[in-house]
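K.L.:
The structure that follows is given in the form of structure tokens.
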Amino acid sequence: MLQSAIIGRSFDGIRLTYQQSDFTVDAWLSKLVETGAGDNDVDFYGVYGTYSGLENISVSAYWMLVRDGVTAVDTNGGPGAEWFEDYLGLDEYNPTWLNTVGTRVWGAFGAFDYDWELAYQFGEADSVGALFAPMVYGDNNAEFDAFATDLELGYVIDMAWSPRVYLGGAFFEGEDNRDYRFGDRLLGGLRDTESSISFNRLFPGKPYSLLLGINQELSNFWQVRTGVSVKPTEKISVALKVAYFEIDEPFDTPVIPFVAVWTKPNDESLGWTTFLMSKYQYSSDLSIAVIWEHLFTGDGLEQGNFFARNGLEFVGGTDDADADYLHFDVQVKF
């Protein structure tokens, strides 16, 4: 299968920018999905502010809101069924309100550099809860409630090729409540179910792994990484990275196949990746790069866990074979 690392998204929106000295604020309103009925659209709003007036440090703070009125749709079973659902508090999916607040701090002290970001999400998640319907009804009380963070520390060694060594890590809080509950089957799905809401990556532009995460919005995992980058010449750079991945909340799988009453959690280790990139910057408008990543498959990936598509898609459950990703990249700016 051929897979491209380039993803494009287009939508209608407006952005306002205020800038004065070392202070910048961006605010935007956008329409990601338009259905013709305003209440059923998907809207994206946000405010992002940055202050860079302090020595060796820059600080950003932001708030983002996604309102999704498209995906959660109530069933229609007639007046009697609707009254029954209202009485039990079922099948009442409100528009999703995903709030993300966060801060980022970065800078350098001499040869040392650092970059740390922390974010928290809250709000109604009915459009996600509607997906967790073992029989008829999903979770119409689903809530976003998850943290995410990424920290990287680097050091540039004063020697030939200016090598930069670094150590970093990331954590995206996950949730996996997928299990067998006899009451769900006994009552024909009339019970409210419990959804699994992990941190939503929104529109990630940073792939933590080309093999595990490209276009997948990885969540419900943590990672540690280390690496080095060098510049043999002014136009040539080489980067090497090693990373370890582990699931945050593992999936419970049946001990006896197809008998889900007795389960055990899958292994948490997703595996190791090695990443090697060589890049030639021919000019400010043209660059050529070759990228190779190798995946050493862990038991948690072989057995399978939910960590793709913001923790909603199952990955793995096949074999323990390793994998390779080779990518040739040419970038031209006009």
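The values are calculated or read from the model by the stated rules, or taken from the named source; none is laboratory data. On a predicted model such as this, the values are computed, not experimentally measured, just so you know. With ideal geometry, Cβ positions are generated from the backbone for all residues, glycine too; neighbour counts draw on all protein chains shown. Heavy atoms of the whole protein, side chains included, go into the accessibility calculation; ligands, DNA and RNA do not. Shrake-Rupley method; radii C 1.70, N 1.55, O 1.52, S 1.80 Å.
K.L.:
Output the residue which, of all residues in segment 75-115 that are at pLDDT 95 or above and polar (S, T, N, Q), is nearest to GLY138 (Cα to Cα).
P.N.:
ASN99
K.L.:
Within segment 272-287, identify whether any single residue is basic (Lys, Arg), open to solvent by 40 Å² or more (accessible area, probe 1.4 Å), within 24 Å of TRP161 (Cβ to Cβ) and in contact (Cβ under 8 Å) with a residue 24 or more places away in the chain, and answer yes or no. Steps first, please.
P.N.:
Residues of segment 272-287 that are basic (Lys, Arg), as a first pass: 279.
Checking the rest, the ones that are also open to solvent by 40 Å² or more (accessible area, probe 1.4 Å) come to 279.
Right, trim to within 24 Å of TRP161 (Cβ to Cβ) and you get 279.
Those still in the list that are in contact (Cβ under 8 Å) with a residue 24 or more places away in the chain too: 279.
Yes, because at least one residue in segment 272-287 is basic (Lys, Arg), open to solvent by 40 Å² or more (accessible area, probe 1.4 Å), within 24 Å of TRP161 (Cβ to Cβ) and in contact (Cβ under 8 Å) with a residue 24 or more places away in the chain.
K.L.:
Specify which of the listed residues (ASP39, ASP22, ASP68) is loosely packed, with under 11 Cβ neighbours inside 10 Å, in contact (Cβ under 8 Å) with a residue 12 or more places away in the chain and out of contact with any Lys or Arg (no Cβ under 7 Å at 6 or more places or on another chain). Before the answer, list the steps.
P.N.:
Numbers: ASP22 fails: loosely packed, with under 11 Cβ neighbours inside 10 Å; ASP68 fails: loosely packed, with under 11 Cβ neighbours inside 10 Å.
Result: ASP39 is the single residue among ASP39, ASP22, ASP68 that is loosely packed, with under 11 Cβ neighbours inside 10 Å, in contact (Cβ under 8 Å) with a residue 12 or more places away in the chain and out of contact with any Lys or Arg (no Cβ under 7 Å at 6 or more places or on another chain).
K.L.:
Only one of these conditions is not met by VAL238: (1) at pLDDT below 95; (2) open to solvent by less than 70 Å² (accessible area, probe 1.4 Å). Which number is it?
P.N.:
Result: VAL238 fails condition (1) only.
K.L.:
Separate question: Could you give me the residue pairs with C-beta distances under 8 Å whose first residue belongs to segment 305-334 and is closer than 30 Å to SER195 by Cβ and touching a residue at least 24 places away in the same chain (Cβ under 8 Å), whose second residue is in a strand (DSSP E or B) and among the small types (Gly, Ala, Ser) wherever it lies, and which are 6+ apart or on separate chains?
P.N.:
PHE314/ALA308; VAL315/ALA308
K.L.:
Examine segment 141-152 for a residue that is modelled with pLDDT of 95 or more, surrounded by fewer than 15 Cβ atoms within 10 Å (Cβ to Cβ), under 20 Å from VAL101 (Cβ atoms) and within 17 Å of the chain's Cα centre (by Cα), and state whether such a residue exists.
P.N.:
In the first step, residues of segment 141-152 are kept if they are modelled with pLDDT of 95 or more; the result is 144-152.
Now drop any that are not surrounded by fewer than 15 Cβ atoms within 10 Å (Cβ to Cβ), which leaves 145, 147.
Restricting the remaining residues to those that are under 20 Å from VAL101 (Cβ atoms) gives 145, 147.
Next, only the ones that are within 17 Å of the chain's Cα centre (by Cα) stay: 145, 147.
Checked against the condition, which is being modelled with pLDDT of 95 or more, surrounded by fewer than 15 Cβ atoms within 10 Å (Cβ to Cβ), under 20 Å from VAL101 (Cβ atoms) and within 17 Å of the chain's Cα centre (by Cα), segment 141-152 yields at least one hit.
K.L.:
Would you pick out the residues in segment 48-74 that are acidic (Asp, Glu) and either under 23 Å from the mean Cα position of the chain (by Cα) or at pLDDT below 65 (or both)?
P.N.:
Our first condition is that a residue be acidic (Asp, Glu); within segment 48-74, this holds for 55, 68, 74.
Across segment 48-74, the qualifying residues are ASP68, ASP74.
K.L.:
Taking segment 25-36, which residues are open to solvent by 40 Å² or more (accessible area, probe 1.4 Å), assigned to a strand (DSSP E or B) and not β-branched (Val, Ile, Thr)?
P.N.:
TRP28, LEU29, LYS31, LEU32
K.L.:
Follow-up. Residues being open to solvent by 50 Å² or more (accessible area, probe 1.4 Å) and at pLDDT below 95: count how many of those fall in segment 205-230.
P.N.:
Residues of segment 205-230 that are open to solvent by 50 Å² or more (accessible area, probe 1.4 Å), as a first pass: 205-207, 211, 215, 222, 224, 226.
Okay, now just the ones that are also at pLDDT below 95, so 205-207, 211, 215.
The total comes to 5.
K.L.:
Checking THR17 against (1) β-branched (Val, Ile, Thr); (2) loosely packed, with under 14 Cβ neighbours inside 10 Å; (3) at pLDDT below 95, which test does it fail?
P.N.:
Just one mismatch for THR17, condition (3).
K.L.:
Is it the case that some residue within segment 269-292 is out of contact with any Lys or Arg (no Cβ under 9 Å at 6 or more places or on another chain) and of a type in the set (Asp, Glu)?
P.N.:
no
K.L.:
Surrounded by 15 or more Cβ atoms within 10 Å (Cβ to Cβ), modelled with pLDDT of 90 or more, of a type outside the set (D, E, K, R) and under 19 Å from the mean Cα position of the chain (by Cα), is that true of PHE314? Quick ask: steps written out before the conclusion?
P.N.:
Values: surrounded by 15 or more Cβ atoms within 10 Å (Cβ to Cβ): no; modelled with pLDDT of 90 or more: yes; of a type outside the set (D, E, K, R): yes; under 19 Å from the mean Cα position of the chain (by Cα): yes.
Answer is no for this residue.
K.L.:
Could you grab me the full set of residues in segment 18-42 that are under 23 Å from the mean Cα position of the chain (by Cα) and under 28 Å from VAL105 (Cα atoms)? So that I can check it myself, show each step before the final result.
P.N.:
Quick first cut of segment 18-42, residues under 23 Å from the mean Cα position of the chain (by Cα) only: 26-33, 41-42.
Within segment 18-42, ASP26, ALA27, TRP28, LEU29, SER30 meet the criteria.
K.L.:
Looking for something farther than 19 Å from TYR166 by Cα, in a strand (DSSP E or B), open to solvent by less than 20 Å² (accessible area, probe 1.4 Å) and at pLDDT 95 or above - is there at least one such residue anywhere in segment 244-257?
P.N.:
So in segment 244-257, the residues farther than 19 Å from TYR166 by Cα come out as 246-257.
Now narrow it down to the ones that are in a strand (DSSP E or B): 246-247, 252-256.
Adding the requirement that they be open to solvent by less than 20 Å² (accessible area, probe 1.4 Å) leaves 247.
When the remaining residues are screened for being at pLDDT 95 or above, the result is 247.
Yes, some residue in segment 244-257 is farther than 19 Å from TYR166 by Cα, in a strand (DSSP E or B), open to solvent by less than 20 Å² (accessible area, probe 1.4 Å) and at pLDDT 95 or above.
K.L.:
With respect to LEU167, is the statement that it is within 26 Å of ASN56 (Cβ to Cβ) and touching a Ser or Thr at 6+ places or on another chain (Cβ under 8 Å) true? Outline the logic, then answer.
P.N.:
Details: within 26 Å of ASN56 (Cβ to Cβ): yes; touching a Ser or Thr at 6+ places or on another chain (Cβ under 8 Å): yes.
Yes, satisfied.
K.L.:
Let me ask something else. In segment 95-127, what residues are touching a Phe, Trp or Tyr at 6+ places or on another chain (Cβ under 6 Å) and of a type in the set (A, V, I, L, M, F, W, C)?
P.N.:
First, pick out the residues of segment 95-127 that are touching a Phe, Trp or Tyr at 6+ places or on another chain (Cβ under 6 Å): 98-99, 101-102, 105, 111-112, 115, 120-126.
If the condition is that a residue be touching a Phe, Trp or Tyr at 6+ places or on another chain (Cβ under 6 Å) and of a type in the set (A, V, I, L, M, F, W, C), then LEU98, VAL101, VAL105, ALA111, PHE112, PHE122, ALA125 are the ones that fit.
K.L.:
Next question. Does GLY138 satisfy the criteria of being over 25 Å from GLU246 (Cβ atoms) and either touching a strand residue (DSSP E or B) at 6+ places or on another chain (Cβ under 6 Å) or open to solvent by 40 Å² or more (accessible area, probe 1.4 Å) (or both)? Steps first, answer last, please.
P.N.:
Working: over 25 Å from GLU246 (Cβ atoms): yes; either touching a strand residue (DSSP E or B) at 6+ places or on another chain (Cβ under 6 Å) or open to solvent by 40 Å² or more (accessible area, probe 1.4 Å) (or both): no.
No: the conditions fail for GLY138.
K.L.:
Can you pull out the residues in segment 193-237 that are under 30 Å from ASP158 (Cα atoms), assigned to a loop (DSSP other than H, G, I, E, B) and of a type in the set (Lys, Arg)?
P.N.:
From segment 193-237, those under 30 Å from ASP158 (Cα atoms) are 206-209, 223-237; that's our starting set.
Checking which are assigned to a loop (DSSP other than H, G, I, E, B) leaves us with 206-209, 231-235.
Passing the criteria: LYS206, LYS231, LYS235.
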